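What follows is calculated from the coordinates using simple rules that are stated; it is not laboratory data. The model shown is predicted, which means the values in this text are computed figures rather than measured ones. Backbone-built Cβ (ideal geometry, glycine too); neighbour counts: all protein chains shown.
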Amino acid sequence: MKIFLATKNPGKISEFREILSGLNVDLVTCNDLEIPDVDETGSSFVENAILKARSASETTKLPSIADDSGIEVDFLKGRPGVWSARYAGTDATNEANNLKLLSELQEAADSERGACYRCVIVFMRFHNDPFPFIAQDSWKGSILQYQRGSNGFGYDPIFYLPDKGMTAAELDSSEKHKISHRGKALRKFNDFFKSYVQTN
């Protein structure tokens, strides 16, 4: 079964492929088919994920998966939130986003540096699917005062996990998938998708 994954983010593509590798699915990505960019005008991760999945399914004529994810910081009252990927500008790099966030937290006490990664995954069978499957989960930590580690992507080098004593960027991928927001949401999606594949 061909399923389209609506993301151009190489880190996300790699994580989806690894976590869904046990399913009998041909995962088609933006590396295989060109699709138009979608204006992420939603005010929530759920709204943006639905916008992306619907657009991808309409363009490709395939069932489509899209996720929207980001990080919320206590000191910034939930920012960057849905603007996480473009926090430092429309074409911002991970490095630029991390540096902007660190600069905004210079005056924050340790107790105010709490943060939470969020992930929403949407699966649409067709572009006007009235009942899309939605999986979501979170991952709590705090924002370190400097970058540490070279694995992962996004805000991982500054996302500190007190119980591990390291940042998300210092975890190996298998450990990260067990505890991350995307890993947990994908397991929920995986449970749903097993039954979907068997009946379609």
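Here are some pairs, K61/K188; K8/K188; K8/K61; which of them have Cα atoms lying more than 20 Å apart in this structure? List each step's numbers first, then the result.
Working: K61/K188 24 Å; K8/K188 22 Å; K8/K61 18 Å.
From the list (K61/K188; K8/K188; K8/K61), the Cα-Cα distance tops 20 Å for K61/K188; K8/K188.
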### Prolate/oblate/rounded call for region 2-198, Cα gyration tensor, a/c under 1.5 rounded
prolate
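Could you work out [θ]222 nm for the chain from helices alone, using -39500 (n - 2.57) per DSSP H run of at least four and dividing by all its residues? Round to the nearest 500 deg cm²/dmol.
Details: 5 runs with 62 residues, N = 200.
Rounded to the nearest 500, the figure is -9500 deg cm²/dmol.
What's the magnitude of the charge dipole for the chain around its Cα centre, counting Lys and Arg as +1 and Asp and Glu as -1 at the beta-carbon? Answer in Debye, nearest 20.
Details: 24 positive and 28 negative charges, 103 e Å.
Using only the charged Cβ atoms, the result is roughly 500 debye.
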### Query
For the chain, what is the percent of antiparallel DSSP beta bridges, rounded to the nearest 5?
85
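If you count, for each residue, the other Cβ atoms within 10 Å and average over each peptide, how do 120-126, 182-188 line up from highest to lowest? Please list the in-between numbers first.
Working: 120-126: 21.9, 182-188: 20.0.
The peptides rank, most packed first, as 120-126, 182-188.
From the cross-link list K2/K140; K164/K194; K77/K176; K2/K164, which pairs have alpha carbons spaced over 28 Å apart?
Violating the 28 Å Cα-Cα cut-off are K2/K140; K164/K194; K2/K164.
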### Summary
Shape call for region 42-96, from the Cα gyration tensor axes a ≥ b ≥ c (a/c under 1.5 means rounded, otherwise prolate when a/b beats b/c, else oblate), comes out prolate
### Message
If packing is taken as the average count of other Cβ atoms within 10 Å, what order do 10-21, 49-60 fall into, highest mean first?
### Response
49-60, 10-21
